[in-house]
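Colleague: Dropping the structure in here first, questions after.
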Amino acid sequence: MELIKSGINRYLLPKQGKMKVNCYIYATEKLAAMIKKDNSLRQLTNAASLIGVVEPVCGMPDLHQGFGLPIGGVMATGGPNALISAGAVGMDINCGVRLLRTELHKFDLNEECVKKFVEEVQKKVPTGIGKGGSKSKVHRHIFQKVLLKGSRVLVEEGFGFPEDLTAVEENGLLEGADIDAVSKLSLSRGESQLGTLGGGNHFIELQEVENIEADDLAHHFGLFPGQITVMIHTGSRGFGHQICTDFCRVFLQAAPKYGIELPERGLAGVPVDSPEGKEYFAAMAAAVNFAFANRQLINWDIRGVIKKIWGIKGELVKVVYDLAHNIAKWEHCRGDTVLVHRKGAIRALPPKHPLISSIYKKTGNPVLVPGTMGTSSYIMVGTKAAEETFFSVNHGAGRVLSRRAAWKSISGEEFQKSVQGIYYGKRSYRELVDEAPGAYKDIDEVVKTLADRNMVRIVARLRPLAVVKGKD
DNA sequence: ATGTAC
């Protein structure tokens with residue numbers, strides 16, 4: 001597939017065949033070469049062939065093949081033919097990241113309390129998939145309320161502070177959720193999973209601020225050099241997964257009725273105003289709210305751990321920000337209101353944007369980009385130039401090896417070397433190798449791609465000290 | 001990502 005260079009770190013995949021709009025891929029030369037190796041460009045052109053799609057379909061520098069839309073894909077739809085696609089949001093609805101900041105400095109930590117942190121978090125937060133990872137401590141009536149009202153419910157129930165809510169995308173609530181739109185199976189899978197981490201790439205990481213690149217912004221975000229932070233990466237667990245599965249089936253069956261031609265099964269979509277489209281949106285919103293609340297509850301557990309180990313009050317552990325990686329939302333961009341599907345992409349609103357939470361009006365919303373379990377994470381902010389991607393930027397490093405390939409090609413020795421100095425508890429090579437840094441692209445290069453285009457500004461870099469991961 | 005498959 002031919003990519004035409006089109007400005008700094010940007011390639012045009014021109015409209016051809018059944019495509020209705022152009023695609024843009026954001027990559028350095030090196031990253032573009034990686035992106036060409038899997039099926040992700042084909043998937044972007046398929047998305048660009050859907051009815052009602054708005055130009056351009058975007059591929060982020062961490063782009064890689066997924067189900068339907070690739071991970072790192074952004075697809076907006078609009079106008080009378082606006083389509084909604086469950087596959088273009090992804091299986092893990094509102095998979096996302098929350099960052100906490102403490103008043104601790106790295107000099108306040110020693111090896112012993114870093115280990116203690118991991119042990120205590122493992123004790124408090126259920127991890128892994130299936131039964132072990134699904135022992136929620138909140139009552140069923142809270143679960144149902146959460147689906148409709150988001151993370152606010154947990155604050156009301158005593159699992160957070162009102163201040164937490166102002167530091168969450170959409171204040172932790174996507175309006176329009178409806179429990180009747182959610183299958184019984186989703187509800188039964190979800191009700192025991194609020195406050196659980198999951199497996200795969202989900203994690204809780206203890207970090208230090210290793211470098212600050214924009215003093216003014218870092219100061220506004222409450223960050224200082226050497227500071228200890230905690231990053232939470234998780235989503236809507238089996239609840240969102242089941243909703244995606246349910247509606248992919250519904251959409252696949254309903255699409256012909258609306259005269260929608262599907263370039264591939266994973267992109268199955270229906271008009272957003274159709275009964276099926278409305279029902280999916282209502283179910284997706286419930287999963288979005290579940291995931292915001294999931295991170296809020298884990299946040300609360302971490303406050304407990306920090307208090308136990310360092311004696312620091314929960315109020316002094318603040319939320320920097322919390323945002324979604326997998327979501328579809330109506331957003332205002334370039335004089336239009338469009339339904340932005342982000343699948344492995346983050347919203348990065350520039351300063352003064354009307355949708356930004358008041359606390360970040362002056363700076364733009366913090367953009368949290370996790371690295372891998374062995375490499376640093378980044379905090380950035382979007383600029384006005386991010387308008388060309390519907391204010392979306394890359395969400396992580398992006399896989400370069402599949403799980404199987406990682407297991408086959410990364411040796412125990414290589415794995416150990418790549419996570420040296422990072423405490424990850426009593427987890428084996430076998431359990432973690434598919435998350436090895438070597439299975440991912442170079443986060444520094446990925447982040448630099450959009451920074452060099454001035455679509456983002458780098459604020460700070462966070463170095464991992466310890467990580468809690470679930471068993472698969 | 002995920003009761004890793006219907």
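Please treat every number below as a calculation from the coordinates, not as lab data. Here the structure is a predicted model, which means the values were calculated and not measured. With ideal geometry, Cβ positions are generated from the backbone for all residues, glycine too; neighbour counts draw on all protein chains shown.
Colleague: With unit charges on the beta carbons (Lys and Arg positive, Asp and Glu negative) and the dipole taken about the Cα centre of region A:46-127, which residue among A:52, A:76, A:89 sits farthest to the positive side?
Modeller: Towards the positive end, the residue furthest out is A:89.
Colleague: Which FRET efficiency value, to the nearest 0.05, is calculated for residue A:2 and residue A:336 with the Förster distance at 22 angstrom and r the Cβ-Cβ distance?
Modeller: The pair residue A:2/residue A:336 has a calculated efficiency of 0.15.
Colleague: List every DSSP H helix in chain A whose Cα atoms extend 24 Å or more along the helix's own long axis and whose mean Kyte-Doolittle hydropathy is at least -1.0.
Modeller: Helices passing the filter in chain A: A:237-254, A:275-310.
Colleague: Over 5 Å intervals from 0, what percent of Cα-Cα pairs in region A:54-199 sits in each interval?
Modeller: Binned Cα distances yield the sequence 2, 7, 11, 16, 17, 17, 14, 10, 4, 2, 1, 0.
Colleague: What whole number of Å gives the distance from the Cα centroid of region A:9-68 to the Cα centroid of region A:263-277?
Modeller: Cα centroid to Cα centroid, the span is 20 Å.
Colleague: Please sort A:332-342, A:75-85 by packing, taking for each peptide the average over its residues of neighbouring beta carbons within 10 angstrom, highest first.
Modeller: Values: A:332-342: 18.6, A:75-85: 22.0.
Top of the packing list down: A:75-85, A:332-342.
Colleague: In addition: Mind listing P(r) for region A:111-194? All alpha-carbon pairs, 5 Å bins, whole percents.
Modeller: In whole percents, the pair-distance histogram is 3, 12, 18, 18, 20, 16, 7, 3, 1, 1.
Colleague: Say the cut-off is 20 Å between C-alpha atoms; which of A:124/A:307; A:124/A:441; A:149/A:352; A:106/A:313; A:15/A:343; A:137/A:426 go over it?
Modeller: Distance filter (> 20 Å) returns A:124/A:441; A:149/A:352; A:15/A:343; A:137/A:426.
Colleague: Let me ask you something else. Considering the Cα positions of region A:336-407, please state its Rg to one decimal place and its Dmax as a whole number of Å.
Modeller: Taking only Cα atoms of region A:336-407, I get Rg and Dmax of 14.7, 46 Å.
Colleague: Which of the peptides A:223-229, A:377-383, A:408-414 is most tightly packed, and how do the rest follow, going by the mean number of other Cβ atoms within 10 Å of each residue?
Modeller: Taking the mean over residues of other Cβ atoms within 10 Å, the ranking is A:377-383, A:223-229, A:408-414.
Colleague: Might you report the magnitude of the Cβ-based charge dipole of chain A about its Cα centre, with Lys and Arg at +1 and Asp and Glu at -1, to the nearest 20 debye?
Modeller: 700
Colleague: Now a separate question. Taking H placed 1.01 Å from N in the peptide plane, check which residues at least 5 places from residue A:466 or on another chain put their amide H under 5 Å from its amide H.
Modeller: Sorted by chain and number, the residues that satisfy this are A:206, A:423.
Colleague: If you stretched the chain out fully between residue A:273 and residue A:156, how much longer would it get, using 0.36 nm times the residue separation minus the C-alpha to C-alpha distance?
Modeller: My answer for the length gained is 38.8 nm.
Colleague: Okay, moving on. Given H placed 1.01 Å from N in the peptide plane, which residues other than close sequence neighbours of residue A:50 have an amide H under 5 Å from its amide H?
Modeller: It is A:20, by chain and number.
Colleague: I've got another one for you. Straight-line reach only, C-alpha to C-alpha below 20 angstrom: list the aspartates and glutamates that residue A:116 could link to, leaving out same-chain residues fewer than 8 apart.
Modeller: A:103, A:108, A:205, A:208, A:301
Colleague: Please report the equivalent ellipsoid semi-axes of chain A, computed as sqrt(5 x eigenvalue) of the Cα gyration tensor, largest first, in whole Å.
Modeller: Semi-axes from the Cα gyration tensor: 32, 25, 22 Å.
Colleague: Between region A:388-439 and region A:232-262, how many Å separate their Cα centres?
Modeller: 28
Colleague: With a Cα-only, solvent-free Debye model of region A:272-411, what are the log10 I(q)/I(0) values at q = 0.10, 0.14, 0.16, 0.17 Å⁻¹?
Modeller: -0.48, -0.88, -1.07, -1.15
Colleague: Would you mind estimating how fast region A:375-422 diffuses translationally, via Stokes-Einstein at 37 °C and 0.692 mPa s with the Kirkwood radius over Cα pairs, in µm²/s?
Modeller: 235
Colleague: Is it possible to state the helix-based mean residue ellipticity at 222 nm for chain A, with each DSSP H run of 4+ residues giving -39500 (n - 2.57), the sum divided by total residues, to the nearest 500 deg cm²/dmol? What is it?
Modeller: On the way: 14 runs with 144 residues, N = 472.
It comes out at -9000 deg cm²/dmol, rounded to the nearest 500.
Colleague: Ordered by residue, what ³J(HN,Hα) values in Hz, to whole numbers, does region A:346-358 give under the Karplus form 6.51 cos²θ - 1.76 cosθ + 1.60, where θ = phi - 60° and Gly and Pro are x?
Modeller: 10, 6, 10, 8, x, x, 6, 5, x, 7, 6, 4, 4
Colleague: Given all pairs of different Cα atoms, what value in angstroms does the Kirkwood hydrodynamic radius of region A:275-332 take?
Modeller: Answer for region A:275-332: a Kirkwood hydrodynamic radius of 13.7 Å.
Colleague: To continue, here is another question. Of the peptides A:96-108, A:314-326, A:230-242, how do they stack up when ordered by the mean number of other Cβ atoms within 10 Å, highest first?
Modeller: On the way: A:96-108: 20.0, A:314-326: 21.6, A:230-242: 26.8.
Averaged packing, sorted descending, gives the order A:230-242, A:314-326, A:96-108.
Colleague: Can you tell me how much longer the chain between residue A:358 and residue A:210 gets when fully stretched, taken as 0.36 nm per residue apart minus their C-alpha distance, in nm with one decimal?
Modeller: Working: separation 148, 0.36 × 148 = 53.28 nm, distance 2.76 nm.
Gain on extension, residue A:358 to residue A:210, equals 50.5 nm.
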